[in-house]
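J.: To start, I am sharing the structure in question, which I have written as structure tokens.
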Amino acid sequence: MAEKVKLGICTSGSRLKLAADRGGRTFRSQRKVFNQERVLFGALRSLLGKAGGDLRSVETICAVRGPGRFTGIRISLTLAGALKAMAGAGVYTATLFEILALQAAESRHFRDWSVKFPVARLAALVHAFKDEYFCQFFRAGGALKLPRPEGEPVWLKAEELVKTLAAAGPLYVAADSEEDPGIYALAPVWAGRAPAVVSRVIPEYIIKTALAYKNGTLKPLYLKPARYELEQKSQVTSHKSPKASHRSQVASRR
């Protein structure tokens, strides 16, 4: 019986990233393209063909669930959901923060930097839009086999992020500089910084991270509301009836 394939997919950023693991041998591909849904199945056929299989060979699919582009995130999660429903594939998901944190934590650079700390603090950074960024803190190193999240990820303006990182104490920063080459400028000058080789999403780490954290949710991690959601909320507020507005004003005076 032919060996089954573990498939990794990330469509949250500007690059379509794929990885296929079959019998411990990994095949990978990435391509910078905006409308990733148009090239996805062609890229999958090519990659899985190199691995000696096709979509029917996929036993497990590992998908990045965010944060990132609203439409992009849904591409990966829709494919994962379809393979789960139609082919019984196992599904595991990971966030960009978890991937960046694990890549950094397993690097020799981080191990050398963290030797003086029993457990080090690690910040994973991802560019959101213009001067906005996503950030999540982790504990890593020491006896921890996996970076452990410290609270929920946050969405911050650049100046807010600079202040947050500066107040974090001894810190190692792992950021996606492939998407934003200038992102490390936000880190304090005294902070440890991940080398370029792990300052991007490595395709095979999509699989490795998702399987390590064993999170089976298909719930997307958007963090920042989509523009139409913000517009809809604004419209609902502006169209509030006079009677409702009056009740709200009366309640606020009580």
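The values are calculated or read from the model by the stated rules, or taken from the named source; none is laboratory data. Remember, it's a predicted structure, so these values are computed and weren't measured experimentally. Because the Cβ atoms are built from the backbone with ideal geometry, glycine has one as well, and the counts that use them run over all protein chains shown.
J.: Only one of these conditions is not met by VAL39: (1) over 18 Å from the mean Cα position of the chain (by Cα); (2) outside any helix (DSSP H, G or I). Which number is it?
T.: The one condition VAL39 does not meet is (2).
J.: Search the stretch 51-69 for residues that are at pLDDT below 95 and pair each with any residue that is surrounded by 18 or more Cβ atoms within 10 Å (Cβ to Cβ) and outside any strand (DSSP E or B) when their beta-carbon atoms are under 6 Å apart and the residues are at least 6 apart or on different chains.
T.: ASP54/LEU48; GLY68/SER12; GLY68/GLY13
J.: Okay, moving on. Against the condition in a strand (DSSP E or B), among the small types (Gly, Ala, Ser) and surrounded by 20 or more Cβ atoms within 10 Å (Cβ to Cβ), how does ALA104 come out, does it pass?
T.: no
J.: Which one of the conditions (1) over 20 Å from GLU150 (Cα atoms); (2) in contact with a Phe, Trp or Tyr (Cβ under 8 Å, 6 or more places away or on another chain); (3) assigned by TED's automatic domain parsing to the domain that holds PRO147; (4) not small (Gly, Ala, Ser) does VAL115 fail to meet, given that it meets all the rest?
T.: Condition (2) is where VAL115 drops out.
J.: With respect to THR60, is the statement that it is of a type in the set (S, T, N, Q), touching a strand residue (DSSP E or B) at 6+ places or on another chain (Cβ under 8 Å), part of a strand (DSSP E or B) and crowded, with 18+ Cβ neighbours inside 10 Å true?
T.: So THR60 passes the test.
J.: Could you list all residues from the stretch 86-111 that are over 18 Å from CYS135 (Cα atoms), of a type in the set (Gly, Ala, Ser) and assigned by TED's automatic domain parsing to the domain that holds ASP176?
T.: SER107
J.: Sticking with this structure for a sec: Looking for whichever is free of Cβ contacts under 8 Å to residues at least 60 places away in the same chain, crowded, with 17+ Cβ neighbours inside 10 Å and in contact with a Pro (Cβ under 7 Å, 6 or more places away or on another chain) here; the options are PHE27, PHE97. Which one fits?
T.: PHE97
J.: Let me ask another. Those residues that are in contact with a Gly (Cβ under 7 Å, 6 or more places away or on another chain), among the small types (Gly, Ala, Ser) and farther than 11 Å from GLY72 by Cβ, I need them from the stretch 3-35; list them, please.
T.: ALA19
J.: Name the helices (runs of 4 or more DSSP H) wholly within the stretch 139-242 that hold at least 1 residues that are surrounded by fewer than 16 Cβ atoms within 10 Å (Cβ to Cβ) and modelled with pLDDT of 95 or more?
T.: Helices (runs of 4 or more DSSP H) meeting the threshold: 158-166.
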